[in-house]
1. Mind telling me which of the residues A:Ala286, A:Ala236, A:Ala279, A:Ala245 ends up being touching a strand residue (DSSP E or B) at 6+ places or on another chain (Cβ under 8 Å) and touching a residue at least 60 places away in the same chain (Cβ under 8 Å)?
2. Looking at the stretch B:243-257, can you tell me whether even one residue there is within 14 Å of another protein chain (Cβ to nearest Cβ) and not in a loop (DSSP other than H, G, I, E, B)?
3. Return only the number of the condition from (1) open to solvent by less than 50 Å² (accessible area, probe 1.4 Å); (2) in contact with a His (Cβ under 8 Å, 6 or more places away or on another chain) that B:Lys152 does not satisfy.
4. Step by step: first the residues of the stretch A:498-509, then only those that are within 24 Å of the chain's Cα centre (by Cα) and without any contact (Cβ under 8 Å) to a residue 60 or more places away in the chain, then the one that is nearest to A:Ala532 (Cα to Cα). Which residue is that?
5. Can you work out which of the residues in the stretch B:24-47 that are more than 15 Å from ligand 2 (Cβ to nearest atom) and open to solvent by 30 Å² or more (accessible area, probe 1.4 Å) is nearest to A:Arg434 (Cα to Cα)?
6. Filter the stretch B:191-233 down to residues that are open to solvent by less than 80 Å² (accessible area, probe 1.4 Å) and under 19 Å from B:Trp28 (Cα atoms), then give me how many there are.
7. Test each condition in (1) in contact (Cβ under 8 Å) with a residue 12 or more places away in the chain; (2) surrounded by fewer than 13 Cβ atoms within 10 Å (Cβ to Cβ); (3) not in a loop (DSSP other than H, G, I, E, B) for B:Asp304 and report the one that comes out false.
Amino acid sequence: MSDNELIWRVAGGSGDGIDSTSQNFAKALMRSGLDVFTHRHYPSRIRGGHTYVEIRAAAEEVQSRGDGYNFLLALGDSFARNPQEEAYYGNEEVKPLSENLEDLREGGVIIYDEGLLSEEDVAELDLEERAEENGWHLYPMDLRSLAREHGREVMRNTAGVGATAALLDMDLEHIEDLMEDAMPEKILEPNIEILHEAHEIVSEEYEFTHDLRVPEGDHDDEQALLSGSNAITFGAIDSGCRFIAGYPMTPWTDVFTLMSQHLPEMGGVSEQVEDEIAAAALAVGASHAGVKAMSGSSGGGFALMSEPLGLAEMTETPLVLLESMRAGPSTGMPTKPEQADLEFTLYTSQGDSNRVVFAPGTVEEAYEQTRTAFYIAYEYQIPTVIIYDQKLSGENTNVDVSFFDREPAPDLGSTMTEEELEDAVHDASGKFHRFQHDPENGVSPRSLPGQQDGRYLATGNEHTPAGHISEDPDNRVAQVNRRLRKLEAIRADLDEGDTHQTYVGDDDADYGIITWGSSQGVVEEAVARLEADGHSVKAVGVSEMMPFPEAELAEFIESVEEAMVVEMNASAQFRGLLQKELGRYGEKLTSLLKYNGNPFEPAEVVEGYELNVEGSGTDPSAQVRLEPAAGD
Amino acid sequence: MSAFNAIGDEREIDRDEFTPGLEPQPTWCPGCGDFGVLKALKQALPEVGKTPEEVLTVTGIGCSGKLNSYLDTYGFHTIHGRSLPVARAAKLANDGLEVIAAGGDGDGYGIGGNHFMHTARENHDMTYIVFNNEVFGLTKGQTSPTSPKGHKSKTTPHGNAKSPIRPLSLALTSGATYIARTAAVNPNQAKEIIKEAIDHDGFAHIDFLTQCPTWNKDAKQYVPYVDVQESEDYDFDVNSREEAQEMMFETENALHEGTVLTGRYFVDERPSYQDEKKELGEMPEEPLAERYFEDDYDWERSYDLLERHK
Ligand SMILES: Cc1ncc(C[n+]2csc(CCOP(=O)(O)OP(=O)(O)O)c2C)c(N)n1
Ligand code: SF4
Ligand SMILES: [Mg+2]
């Protein structure tokens, strides 16, 4: 992370086109050679409600959002509700400005649309006075009128971008190119006009009092701007997944939508069905019949998938499910990230868990681990769940295009061909022994309906090698043990390849930070800052939740004096998992927890660390909680 | 070359091929109507030219769900109420398969009712047999969605306050394109109806009256039965939605008044879901499952999708 960074926040109303505006601006920054990272804040509402997107850009790798930000483009909320006296939601119209002042750094820049935000509303904010206090630089501009003059009012976003570029001394070339790619002819021309006009007005008529300018950077490789949802979709496509079934639920809908757009073009099948029980059951049915299949949902929908998930475990049907967490319980906070479905995902459904769970921490990891998830699911005939959250799902960052230049892996894993079936074990009535007791790694190869000599019964009841329902104790123990052996084999298989855990900091550091899933990027940045301040600290971002990488984590904890576990939930679920899996180290582990609906910022982790591990520093902000160590 | 050579196999089919040689032997109670479904299926399948390994029978949970334990085909004994979503996906994955789903009245009209409605609506090309014994058999005789009003059981000690569901009418309004009712006591009709259902291109629903002598009525209570096509008392057009609706309503009422009406109620030629999806370009012409065995298939890559993200 470098000191010269831009964190641009564009704020407006939901439905005002903030998403596409910011997407294009992020791409323009990326094309200019910068690394970018976006963070999206939005309400669970279609039209209106304050929303913003933050784009962090710097010459060197940025892997999380920053602390606060330094450039605000405050548009209006054109769908704001008319506030009655004392409405609990307050004056929505001015929120794109008022709600964003808190986080604006000292010396920050503000452009606001004085065409949309009324003078009285702005006056009530004491904006001038606060700007003076904080060294902010105010650039009010009538973006709305400018947009109206050349086209339509909705084009005021473009005016805002033009003004931003002028204040940052940023070339319009990339922005224009992107507009040409994205916009239909009819609206392109007026938008280009507006862009240039806004740029000109600001350059010529405004006196610049700020120092902030766009950073300069350079990429060796061509870049693509991608979210975690894009990456999961790509991982699935490259694994030969050609069937998805689902039911919309935020934030899982992102992957479901992307897959539904791509699959038909590839001769695949996407099914939006009546509920999530059906969705998971369809994925089981498709996989059973020989197609690589997936389904998924977010908390509530995933709860409905519990029984089909158990069916996949018992019938050893390969399957990849997504659990895209949001803040719970129940409907919770639909558009807010949280990591509180970990225990639920590991253990939901009756009986002993027999599944694999990955929690990728970055966009690249999301792609990589989706591929691994499909490989494991089909090779070991076991459901594999990818657990992630609204944060990873929606954050965009730049990735080397060459990262994706590799061979697809459509292989069906431990599935037999008809030639192989001819020589396989059958019982006297001709049934194929699909569930043999003896395979050492637990995997008994399967046949597919329609193949000669492969018929058998798949059943959620306990069953014999041919699939017949059986409650015989010897058979029961043999089958349970065999299914559990698969987890050992998978653990060994994972240990053989490159680790899915991400380590940062000096190997010999005295203190550790442990995190999982999407909190990884923030922790990485916190470690960099702590190191720069002379602290001896390292961190690990854990991705393998089940089977657990015991040896790796034991080694990490052994190597430090103390460790702080960082996660977005209220009951320290991952710390609980660590203690359960390792059976010791309780006295060495403290927790830093956040569950207010917003992801950690690096400074919160830094402060938490100083207080927690070193007993110094200031209290973390009111909405981050410390949980002291507890002995075993 | 196909990787699924059981599909479309034109060989002679022996009458006993669908009977497992050894175990398992059925564990249904003596006199149970479920034997009737099994027998009718074993006869119908060879007659429509199907071999055991091109048929996938997908069942729910209940006494009825054991069907594929005793029928020698590819089988998937799923979970309570979920046979239909599993079955229809298997058909989407490989539409060469002959997919038959089956389960109880509790399984299909109760816990799985939502799937019944939607699978019928979508008109998946498959057969669905509901073993309607008007009771929860496996869990010991509780009132089911088809139990008559006033039905007493351990969970309804004062009698059932609810009126029974109307399975035929429900199938019709939901969108099924072949709807029939038959009975275990009438094996010949049952066999013929199953054959028609299998041959039908679309969602074929058979409400199969199966006596449960242990918890409910025995076989005697389903005779005499009347075939509405053969009886002179009934005259309606199975291709007419309006006339079918009226006839179904009468049939559903009559059952609880002691008259067992059976036969074909509705036949419609609406295109199946598979055909609709293919028409829209949302499903490949070749079965998807074959692709994984094609050596020279050029698998699409995400690398070629990056343009719009640059
Ligand atoms: C989710 C779930 N709920 C309840 C049960 C218990 N159960 C098994 S079969 C059954 C009802 C069986 O009735 P029906 O579907 O009519 O089948 P039948 O036994 O009469 O053939 C019930 C409630 C279960 N297996 N799963
Ligand atoms: S309980 Fe009823 S339905 Fe079940 S096997 Fe016995 S007779 Fe048949
Ligand atoms: Mg029943």
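1. The conditions single out A:Ala236.
2. Checking the stretch B:243-257: not a single residue is within 14 Å of another protein chain (Cβ to nearest Cβ) and not in a loop (DSSP other than H, G, I, E, B).
3. Among (1) open to solvent by less than 50 Å² (accessible area, probe 1.4 Å); (2) in contact with a His (Cβ under 8 Å, 6 or more places away or on another chain), the lone unmet condition for B:Lys152 is (1).
4. Across the stretch A:498-509, the extreme among qualifying residues is A:Gly505.
5. So the residue we want is B:Lys42.
6. Number of matching residues: 12.
7. (1)
Residues checked against (1) more than 16 Å from ligand 1 (Cβ to nearest atom); (2) on the phi < 0 side of the Ramachandran plot; (3) within 14 Å of another protein chain (Cβ to nearest Cβ):
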position	(1), (2), (3)
B:Val99	yes, yes, yes
B:Gly104	no, yes, no
B:Ile111	no, yes, yes
B:Asn114	no, yes, yes
B:His118	yes, yes, yes
B:Glu122	yes, yes, yes
B:Ile129	no, yes, no
B:Val135	no, yes, no
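The values are calculated or read from the model by the stated rules, or taken from the named source; none is laboratory data. Computed from a prediction, not measured in an experiment: that's the story for all the values here. All Cβ positions, even for glycine, are placed from backbone atoms using ideal geometry, and neighbour counts span all protein chains on display. For the accessible areas, the whole protein counts, side chains as well, though only heavy atoms, and no ligand, DNA or RNA atoms are used. Shrake-Rupley method; radii C 1.70, N 1.55, O 1.52, S 1.80 Å.
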